[in-house]
Amino acid sequence: MGTEDRSYVVLTAVGPDRPGLVNEMSSLVREAGANLEDSRMAVLGGEFAIILLISGGTDAIGRVKQIGAQLETDSKMRCILKETTRVSAPMDYLPYRIRVSGADRPGIVQSIASILASRGVNVASLESRVTYAPESGTPLFVLEAKLHVPSKIVLSELRSQLAATCEEENLDFTLEAGA
């Protein structure tokens with residue numbers, strides 16, 4: 001099946017974590033005759049969160065749309081399905097990765113996101129987590145993101161703004177090219 005014959009749906013689900021959920025989700029997609037093209041899955045607190053990009057022909061996507069109701073009944077997961085399209089990445093950007101770390105406190109994500117948004121940088125994916133220092137138990141925050149930086153941007157200005165904010169907030173950061 002060519003990409004022009006495919007339909008796409010994003011399935012988002014959240015529910016109590018338990019062993020076997022990934023197998024259950026992937027089996028349901030396969031049984032529907034659809035393809036799981038992209039996914040993000042993680043345990044957050046005691047909940048398991050899933051985001052899937054699913055593709056297939058009209059019949060397969062119709063069957064996928066029934067998965068949400070089945071998951072809500074059988075697995076006690078809250079589900080949202082949204083039709084979408086497959087969008088290729090814009091050609092006028094440069095792929096970058098950013099990593100920010102330091103003592104945990106409220107507002108770190110917003111501080112970094114504000115700088116990126118003000119410069120027109122798109123966040124393609126972002127993960128953050130709190131870990132604990134081995135001996136002291138101090139909460140440490142880590143943010144890692146893949147960015148689409150507009151090719152017209154002056155990188156030294158972006159780096160300077162990030163450096164100033166991170167210095168002010170006692171955070172370490174790296175910004176490097178790459179997907």
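The values are calculated or read from the model by the stated rules, or taken from the named source; none is laboratory data. This is a predicted model, so every value here is computed, not measured. Note: ideal-geometry Cβ built from the backbone for every residue, glycine included; neighbour counts use all protein chains shown. Note: areas computed on protein heavy atoms with side chains; ligands, DNA, RNA excluded. Shrake-Rupley method; radii C 1.70, N 1.55, O 1.52, S 1.80 Å.
Might you let me know whether region 164-172 holds any residue that is more than 15 Å from S101 (Cα to Cα), in contact with a Gly (Cβ under 9 Å, 6 or more places away or on another chain) and not aliphatic (A, V, I, L, M)? Reasoning before the result, please.
The initial filter retains those residues of region 164-172 that are more than 15 Å from S101 (Cα to Cα), namely none.
Looking for residues that are more than 15 Å from S101 (Cα to Cα), in contact with a Gly (Cβ under 9 Å, 6 or more places away or on another chain) and not aliphatic (A, V, I, L, M), one finds none in region 164-172, hence no.
Take the conditions touching a strand residue (DSSP E or B) at 6+ places or on another chain (Cβ under 9 Å), among the polar types (S, T, N, Q) and modelled with pLDDT of 95 or more and apply them to S101. Does it pass? Before you say what the answer is, go through the steps one by one.
On the way: touching a strand residue (DSSP E or B) at 6+ places or on another chain (Cβ under 9 Å): yes; among the polar types (S, T, N, Q): yes; modelled with pLDDT of 95 or more: yes.
Yes; evaluated as a whole, the condition is true for this residue.
Of G107, G45, which residue is out of contact with any helix residue (DSSP H, G or I) (no Cβ under 8 Å at 6 or more places or on another chain) and over 30 Å from E157 (Cβ atoms)?
Details: G107 fails: over 30 Å from E157 (Cβ atoms).
After applying the criteria, what remains is G45.
For residues that are surrounded by 15 or more Cβ atoms within 10 Å (Cβ to Cβ) and under 15 Å from the mean Cα position of the chain (by Cα), scanning just region 43-68, find the one that is nearest to D17 (Cα to Cα).
Per the criteria, the residue is F48.
Please identify the pairs in which a residue from region 23-45 that is more than 11 Å from L11 (Cβ to Cβ) has its Cβ atom under 9 Å from the Cβ atom of a residue that is open to solvent by less than 40 Å² (accessible area, probe 1.4 Å) and of a type in the set (S, T, Y), counting only partners at least 6 apart or on another chain.
Note: pairs meeting the criteria are E24/S75; N35/S55; E37/Y8; E37/S55; R40/S125.
Inspect region 6-21 for any residue being open to solvent by 30 Å² or more (accessible area, probe 1.4 Å), touching a strand residue (DSSP E or B) at 6+ places or on another chain (Cβ under 6 Å) and more than 25 Å from K146 (Cβ to Cβ) and give the result as yes or no. Steps first, answer last, please.
Here is the first cut: in region 6-21, the residues open to solvent by 30 Å² or more (accessible area, probe 1.4 Å) are 6-7, 10, 12, 14, 16-20.
Right, trim to touching a strand residue (DSSP E or B) at 6+ places or on another chain (Cβ under 6 Å) and you get 6, 10, 12, 14, 17.
Filter once more, keeping what is more than 25 Å from K146 (Cβ to Cβ): 17.
Checking region 6-21: at least one residue is open to solvent by 30 Å² or more (accessible area, probe 1.4 Å), touching a strand residue (DSSP E or B) at 6+ places or on another chain (Cβ under 6 Å) and more than 25 Å from K146 (Cβ to Cβ).
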